[in-house]
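**Q** A single structure is presented below for examination.
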Amino acid sequence: MIQLGEHGAVLLQAQDVCKTYHLGETSVQALQHVDLEVREGEFLALAGSSGSGKTTLLNLFGCLDRPTSGRILVAGTDVAKLDPDALAEFRAATIGFIFQTFNLFPVLSARENVEYPMLLNKTPAPEREKRAKEALERVGLARFLDHRPDQLSGGQRQRVAIARALVKRPKIIFADEPTANLDKKTAVEVLTLMRDLNSSEKVTFVFSTHDSMILSLASRIFHMSDGRQVAAPETPHAH
Amino acid sequence: MRIRIAIRNTFRNKRRTALNVFMIASGVASLILFKGFSANLILSIREGTIQFQYGHLQVARESLWKNSAENPNENLIPDYQGLLKRIQDVPSVKSATGWIGFYGLLGAKDRTVGAQLLSLDPVNESLRLSNLVMVEGKAANYTGGQKVLLGAGVASALRAKVGDNLNLLGYTYDGLVNALDVEVAGIFKSGLKEIDNVTAMIPLEVSQKLLDTKDVEKFIIYLKSTELTEDGRRAVSSLLDSGPRGLEIKPWYELAAFYKEVRSFYNLYDAVIQLIILSLVLIGILNTIGMSVFERTGEMGTMRALGETQRNIVRQFVLEGAVLGVFGGVVGAVAGAVLALVINAIDFRAPMPGASLPQRIQILLPIWNFVEALALTLAASMVAAVIPAVRAVKLEIVDALRRNI
């Protein structure tokens, strides 16, 4: 299942990473001494039940949160050394996100949603429009450019989100439970699309899921439980 | 594109936006109405002060202004006719007239009352004359001959009625006692009891006859409009050299101490009312804008995940506040203007300080009032957006993202 051979340089590194959340009196150890390396071009799944630490790890890699201890390196940058503005710029340039709840802006059309990340990069308007259109065509939504999110189905919304993550040509796209709000058939379609983009656009994907059928599409699976890496469950996944 | 996003977000929740627009518009409309009303009030007081009390410009000898004359003769302007004629010919001058004020004794049968006798020209100062409310007699009778208008208090002290003949006694400029018979043409109320108790008006020629002089103490100059004050002042000043020496000109605003006090009082009063209106607008929209911002915390999380800085997010929300402010402001400006025109169309009169006749209530609509009202409410709605936005954007990204459902 591990296909390191066909992948490039190390893109993500988690070195002895711990993350503790404090909720009033109690503290929750969301991650405990996690080590993980992800190489360019991987299509990596973080697997585990809810509360296993998948989302926390994705958030740390995505520079949305900071580890309590340990180091996170993204494309060779120690993200702990960046201030909030520099982190924002880093995210804008390097990282794409796909969310479980799609997180499209409801007042913007599909095309405008996809244009938004390029607005942050100060891309000129004509180029924004052109690239947004291309990205939406790439995810099969050429006919829905001017639709608002509430005029789209769940699967279509997630495709818009994928186009939005893809359009700024990031090094890596993180997807937190991208199929959890979709039916089985659509979930497989969305994952297949991500897989296609992974190979055609050479974008690294790291996504979390607890759906075994979806896991089967991953090039590598990182199993987690109680904030630690664990061996694969006994039942092997069909490839 | 950011403005487009701001506009769409502003009109996302129509009911809430309608409420905000209503509040901002009410604020703008009340500011426009209030400021227009108070501007008119101040203008009325100004014009009242000029027309009924001081004229636009006064010319007198320096010694009169400084009250430094050893002998009242020194205050007189000799051979004034030529100069007065030239002043009357200045294009911005509507009328100019000589003036004398003195203390005299008015006697009727067995009663004698001391009074201040002021010149009032029946023709050139018809506005001033018309401002005196005649409680007896008619202003029209105050022409030709040795007529006098008595303040109501003076008349009652003398038990004088219209048509009575009074004996007017005074000292000439040479220090001699002189007396004249004058006929009561009317009894007036100026609006201030203090004035009515001690004042009587007589034509300049009568004063000159009694005081045995051909001179005057002052010129009272009325201009075609108050806006011409500086023009008129320059033009008249340049003529003064051709007249008797030591003449000095004073514009109305240096003379009208009462107007200055009233105006500074109203400026303060305006500021307080403005502050109250703005606070009400701010408190009103702070809550609803705060609700919108709070509901969009998840969206803020998404924006930040996509690489937007906190500063830019706050800016975006302030832009939305500005869109709301502009929209509400325009609605309010139109509503305010319409209401003002309706109020102006109704002939509604109320007593005002400085003018003893009730004045018509008018709402002035200078462009400056619109600009100021719009700018103030725009600022208020931006402040109302920046406060909750700054608070919401401080939330950790992961916590904000959890608000997306």
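**Q** Could you give each residue of segment B:388-405 its phi-based ³J(HN,Hα) in whole Hz, using Karplus coefficients 6.51, -1.76, 1.60 with θ = phi - 60°, and x for Gly or Pro?
**A** Taking θ as phi minus 60°, the curve returns x, 5, 4, 5, 6, 6, 6, 4, 4, 4, 5, 5, 5, 4, 5, 7, 7, 10 Hz for segment B:388-405.
**Q** Efficiency by 1/(1 + (r/R0)^6): what FRET value for residue B:342 and residue B:214, r their Cβ-Cβ distance, R0 = 51 Å, to the nearest 0.05? Present the calculation step by step, with values, prior to reporting the outcome.
**A** Working: r = 56 Å, r/R0 = 1.09.
Once the sixth-power term is evaluated, E becomes 0.35.
**Q** Averaged over its residues, how many other protein chain Cβ atoms are within 10 Å of peptide A:114-121's Cβ atoms? Before the final figure, lay out each step's value.
**A** Details: counts 0, 1, 7, 3, 1, 6, 6, 1.
If you average over the peptide's residues, the count of other-chain Cβ atoms is 3.
**Q** Based on Cβ point charges of +1 for Lys and Arg and -1 for Asp and Glu, what charge dipole magnitude is obtained for the protein assembly as shown about its Cα centre, in debye rounded to the nearest 20?
**A** Working: 71 positive and 65 negative charges, 294 e Å.
With only Lys, Arg, Asp and Glu charged at Cβ, the dipole is about 1420 debye.
**Q** Between 0 and 90 degrees, rounded to the nearest ten: what's the tilt of helix A:125-138 against the longest Cα principal axis of chain A?
**A** 70 degrees
**Q** Could you compute the FRET efficiency for residue B:177 and residue B:123, with r as their C-beta to C-beta distance and R0 at 30 Å, rounded to 0.05?
**A** Details: r = 30 Å, r/R0 = 1.01.
E(calc), rounded to 0.05, equals 0.50.
**Q** Also, I was wondering about something else. Have a look at chain B and give its Rg and Dmax from the Cα atoms, expressed in angstrom.
**A** For chain B, the Cα radius of gyration and maximum Cα-Cα distance read 31.5, 102 Å.
**Q** A further question on this structure: Sorted by packing (mean other beta-carbon atoms within 10 Å per residue), highest first, where do B:384-393, A:194-203 land?
**A** Numbers: B:384-393: 21.5, A:194-203: 15.8.
Packing order, densest peptide first, comes out as B:384-393, A:194-203.
**Q** Measuring from label point to label point, each 7 Å out along Cα→Cβ, what is the residue B:250 to residue B:110 span in nm?
**A** Distance between the two pseudo-spin positions: 4.3 nm.
**Q** Roughly how many whole Å is it from the C-alpha centroid of segment B:183-207 to that of segment B:108-131?
**A** With segment B:183-207 and segment B:108-131 each reduced to a Cα centre, they are spaced 3 Å.
**Q** Quick check on chain A: helices-only [θ] at 222 nm, where DSSP H runs of length 4 and up contribute -39,500 (n - 2.57) each and the sum goes over total residues. Nearest 500, please. Kindly include the intermediate steps, with their values, before the conclusion.
**A** Working: 7 runs with 78 residues, N = 239.
Helix-only estimate at 222 nm: -10000 deg cm²/dmol.
**Q** Also, I was wondering about something else. At 222 nm, what helix-only mean residue ellipticity would chain B give, in deg cm²/dmol to the nearest 500, using -39500 (n - 2.57) for each DSSP H run of four or more? Intermediate values should be presented prior to the final figure.
**A** Numbers: 15 runs with 215 residues, N = 405.
After summing the helix terms and dividing by residue count, I get -17000 deg cm²/dmol.
**Q** Round to the nearest 10 and give me the degree value, 0 to 90, for the angle of helix A:110-120's Cα axis relative to the longest principal axis of chain A.
**A** The angle comes out at about 70 degrees.
**Q** Still on this structure: Report relative contact order for segment A:17-229 in percent, whole number only (criteria: Cα-Cα under 8 Å, sequence separation at least 6).
**A** 34 percent.
**Q** Can you work out the PRE-style zone for residue B:311? Point 7 Å along Cα to Cβ, and I want the residues of segment A:81-104 with backbone N under 20 Å.
**A** A:81-94
**Q** Just want to confirm a number: the relative contact order over chain B, from Cα pairs under 8 angstrom separated by 6+ residues, in percent.
**A** Working: 704 pairs, mean separation 114.0, N = 405.
The normalised contact order for chain B reaches 28 percent.
**Q** Provide the FRET efficiency to the nearest 0.05 for the residue B:267-residue B:193 pair, computing r from the beta carbons and using R0 = 22 Å.
**A** On the way: r = 28 Å, r/R0 = 1.27.
Rounded to the nearest 0.05, the efficiency is 0.20.
**Q** What list of ³J(HN,Hα) values in whole Hz, one per residue of segment B:10-16 in order, does the Karplus curve 6.51 cos²θ - 1.76 cosθ + 1.60 (θ = phi - 60°) give from phi, with Gly and Pro shown as x?
**A** Using θ = phi - 60°, the values come out as 4, 9, 5, 9, 5, 5, 5 Hz.
**Q** Between residue B:334 and residue A:23, with labels modelled 7 Å along Cα→Cβ, what's the label distance in nm to one decimal, could you check?
**A** 5.2 nm
**Q** Against the longest alpha carbon principal axis of chain B, how many degrees, from 0 to 90 and to the nearest 10, is the axis of helix B:229-240 turned?
**A** Once rounded, the angle reads 30 degrees.
**Q** How much accessible area per residue does chain B have, counting only protein heavy atoms and a probe of 1.4 Å, in square angstrom?
**A** Details: 19300 Å² over 405 residues.
Per-residue accessible area for chain B comes out at 48 Å².
**Q** Hey, what's the Cα Rg ratio for segment B:42-181 versus the globular rule of thumb, 2.2 N^0.38 Å? Please report the intermediate quantities before stating the final value.
**A** Details: Rg = 16.9 Å, N = 140, 2.2 N^0.38 = 14.4 Å.
Relative to the 2.2 N^0.38 Å estimate, segment B:42-181 comes out at 1.17.
**Q** Also: Along the Cα-to-C-beta direction of residue B:19, a point sits 7 Å from the Cα; which residues of segment B:253-292 have their amide N less than 11 Å from that point?
**A** B:284-292
**Q** Give me the one-decimal nm value for the distance between modelled label points at residue A:86 and residue B:138, 7 Å along each residue's Cα-to-Cβ direction.
**A** Going by the 7 Å Cα→Cβ label model, 9.3 nm.
The values are calculated or read from the model by the stated rules, or taken from the named source; none is laboratory data. Quick caveat: nothing in here was measured; it's all calculated off a predicted structure. Using ideal geometry, Cβ is built from the backbone for each residue, glycine included, and neighbour counts are taken over all protein chains shown. Remember, those area values only see protein heavy atoms, side chains included, never the ligands or the DNA or RNA. Shrake-Rupley method; radii C 1.70, N 1.55, O 1.52, S 1.80 Å.
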